[in-house]
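Presented below is the structure to which this report refers.
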């Protein structure tokens, strides 16, 4: 009950002191101006990076959802960069530069989940967390040095200095986790206030936990399970608890924006799933791609890439699983042309020449500009000759 | 007490004795200076910070901005009377996508050159040569300006805070580590036809060559451009 009351209070105070926009510092001699100067430079480099996706439609979509939750005035101070990177992440710089990774867009089920994370990042900006963090680092290092001097004068052994350093950094990490929790609350409030379904913020972390639990890598399966005092962020399960407590205190809207989200992401689906495979975490890929299909992305596309994950995983029986997925994909909506190449390769290796030839031909017919066109034409020629003999 | 005084004197001597130095390098690739050529000068990439008592450095926007302005003006003055002309270009101003990438590439090559050719981490294959290049695509930097060279300048530096000075004195007295700030100006002249860095220099600022004021920047640029080949 007390917990419930506390979270209600937090929710109420945050609603009333709604997040405000930050302006460029006027006094150029301050620590804040220094942070902005550094980040402006970083942004200058990022702006022209090949990793930035500058497609106006996708940018307009992400911007629209952001502005819907922050309000126009605050939103005008933000510059959002979508980065092609198959990782669940987003970041916020003190000068208003927000970066959103493609892996985050791919993993969001709907507008609401994306809004929770974007609102969280915006919360860092609105509350000047970078500046606070830097000031905290400065004051922490000051008292650490003071204590070290005192310890040295008191004749304590040098190990004492190391202990002081450890305590100082642990306190700093704890402080950082506090900022993350605060940003989570802001993200939740902005999202809920914009009439999105209040449960979706906790779902972001539930999905991430499930994906990690399905990883091929032990380190990733164990990630975020136990408390680590050196963590910069709270544990996902603690974040879920906080967010669920907030949701319980709020009479939720019903909007999720699922269809809009799927429509905005679908043009990038193939490209981004292909990028996910690069991490070679195939078990987690298979889990994610199956999820994407269940969420309403074109099933032919998802099945083809599940097949790809099997093909690349190369465990006992994976070849047959891959072929089964590709054959299933062929009957589904949204299947990419590459499925015909994948099957053609398989048939060629199995010496099913006529099937291979037909599939290669379908591949080129559907994808006449394919990068590997010359190679495929060579295969077609060879197969034609072999079949003629 | 006498012992403390002794350390104080040593610390003070160290603080005052830092004097300006330069280290010029000339390409070992084939290079003939084109004396009447136009040189494109990009506004320098500057970051100046305060070195605090705790050893942390904090960027100062005002110092960095005035450092950039002063160095740019000093470069203009110093190179105004050369036979070839100069064009000053703002490194952040809108250029073609290719030019932006070339400026970023140049920054990366400059950093690499500093790390391996200047700060003692020499590469075994680069022992007897100085052969850094951004490649012949460099000509795209010229655009329709007709420039044959471009001069890229990088400035980094930190200045001790009052607290740091006091801390150094205390540390010296206790026999602990001391840290001083310092400022460096690094320049590379790029032949836009080959992309080679044909000349480069790393100048360390003397106490009277503070780039935060125009006079100091003039002095620092003078030592930077010693042996400038054009």
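Within segment B:76-97, can one find any residue that is farther than 25 Å from residue B:20 by Cα, touching a helix residue (DSSP H, G or I) at 6+ places or on another chain (Cβ under 6 Å), away from every other protein chain (no Cβ under 14 Å) and surrounded by 21 or more Cβ atoms within 10 Å (Cβ to Cβ)? The answer is no; no qualifying residue exists. Among the numbered conditions (1) closer than 27 Å to residue B:103 by Cβ; (2) in contact with a strand residue (DSSP E or B) (Cβ under 7 Å, 6 or more places away or on another chain); (3) in a helix (DSSP H, G or I), the only one that residue B:222 does not meet is (2). With respect to being modelled with pLDDT of 90 or more, within 14 Å of chain B (Cβ to nearest Cβ) and either surrounded by fewer than 18 Cβ atoms within 10 Å (Cβ to Cβ) or within 22 Å of residue A:124 (Cα to Cα) (or both), residue A:172 fits the description.
Conditions (1) more than 14 Å from every other protein chain (Cβ to nearest Cβ); (2) touching a helix residue (DSSP H, G or I) at 6+ places or on another chain (Cβ under 8 Å); (3) crowded, with 17+ Cβ neighbours inside 10 Å; (4) farther than 18 Å from residue B:225 by Cα, marked per residue:
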site: B:20; (1), (2), (3), (4): yes, yes, yes, no
site: B:30; (1), (2), (3), (4): yes, no, no, yes
site: B:42; (1), (2), (3), (4): no, yes, yes, no
site: B:51; (1), (2), (3), (4): no, yes, yes, yes
site: B:54; (1), (2), (3), (4): no, yes, yes, yes
site: B:66; (1), (2), (3), (4): no, no, yes, yes
site: B:74; (1), (2), (3), (4): yes, yes, yes, no
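Evaluate the following for residue A:112: is it away from every other protein chain (no Cβ under 14 Å), modelled with pLDDT under 95 and either surrounded by fewer than 18 Cβ atoms within 10 Å (Cβ to Cβ) or touching a strand residue (DSSP E or B) at 6+ places or on another chain (Cβ under 8 Å) (or both)? No: the conditions fail for residue A:112. Among the numbered conditions (1) crowded, with 18+ Cβ neighbours inside 10 Å; (2) over 19 Å from residue A:107 (Cβ atoms), the only one that residue A:239 does not meet is (2). Going through segment A:64-114 one residue at a time, which ones are closer than 25 Å to residue A:31 by Cα and touching a residue at least 60 places away in the same chain (Cβ under 8 Å)? Those that are closer than 25 Å to residue A:31 by Cα and touching a residue at least 60 places away in the same chain (Cβ under 8 Å): A:94, A:95, A:96.
Conditions (1) at pLDDT 95 or above; (2) within 28 Å of residue A:67 (Cα to Cα); (3) in a helix (DSSP H, G or I), marked per residue:
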position	(1), (2), (3)
A:198	no, yes, no
A:229	no, no, no
A:234	no, yes, no
A:237	no, no, yes
A:251	no, yes, no
A:274	yes, no, yes
A:287	yes, no, yes
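Look at segment A:31-45: where a residue is more than 7 Å from every other protein chain (Cβ to nearest Cβ) and a partner is surrounded by fewer than 17 Cβ atoms within 10 Å (Cβ to Cβ) and at pLDDT below 95, sitting 6+ places away or on another chain with Cβ atoms under 8 Å, you get A:32/A:128. For segment A:75-93, the criterion of being under 16 Å from residue A:256 (Cα atoms), more than 14 Å from every other protein chain (Cβ to nearest Cβ), surrounded by 21 or more Cβ atoms within 10 Å (Cβ to Cβ) and modelled with pLDDT of 95 or more is satisfied by no residue at all.
Against the definition (modelled with pLDDT of 95 or more, more than 14 Å from every other protein chain (Cβ to nearest Cβ) and surrounded by fewer than 20 Cβ atoms within 10 Å (Cβ to Cβ)), how does residue A:12 come out, yes or no? No; evaluated as a whole, the condition is false for this residue. Can you pull out the residues in segment A:137-159 that are part of a helix (DSSP H, G or I), surrounded by fewer than 16 Cβ atoms within 10 Å (Cβ to Cβ) and more than 10 Å from chain B (Cβ to nearest Cβ)? Across segment A:137-159, the qualifying residues are A:150, A:159. Checked against (1) buried (at least 16 other Cβ atoms within 10 Å of the Cβ); (2) within 12 Å of another protein chain (Cβ to nearest Cβ); (3) touching a residue at least 12 places away in the same chain (Cβ under 8 Å), residue B:58 passes all but condition (3).
Of A:339, A:335, which residue is in a helix (DSSP H, G or I) and surrounded by 16 or more Cβ atoms within 10 Å (Cβ to Cβ)? So that I can check it myself, show each step before the final result.
Details: A:335 fails: in a helix (DSSP H, G or I).
Of the residues listed, the single one that is in a helix (DSSP H, G or I) and surrounded by 16 or more Cβ atoms within 10 Å (Cβ to Cβ) is A:339.
The values are calculated or read from the model by the stated rules, or taken from the named source; none is laboratory data. Predicted, not measured: the structure shown is a model, and the values here were computed from it. Please note: Cβ atoms are built from the backbone with ideal geometry, for glycine as well, and neighbour counts cover all protein chains shown.
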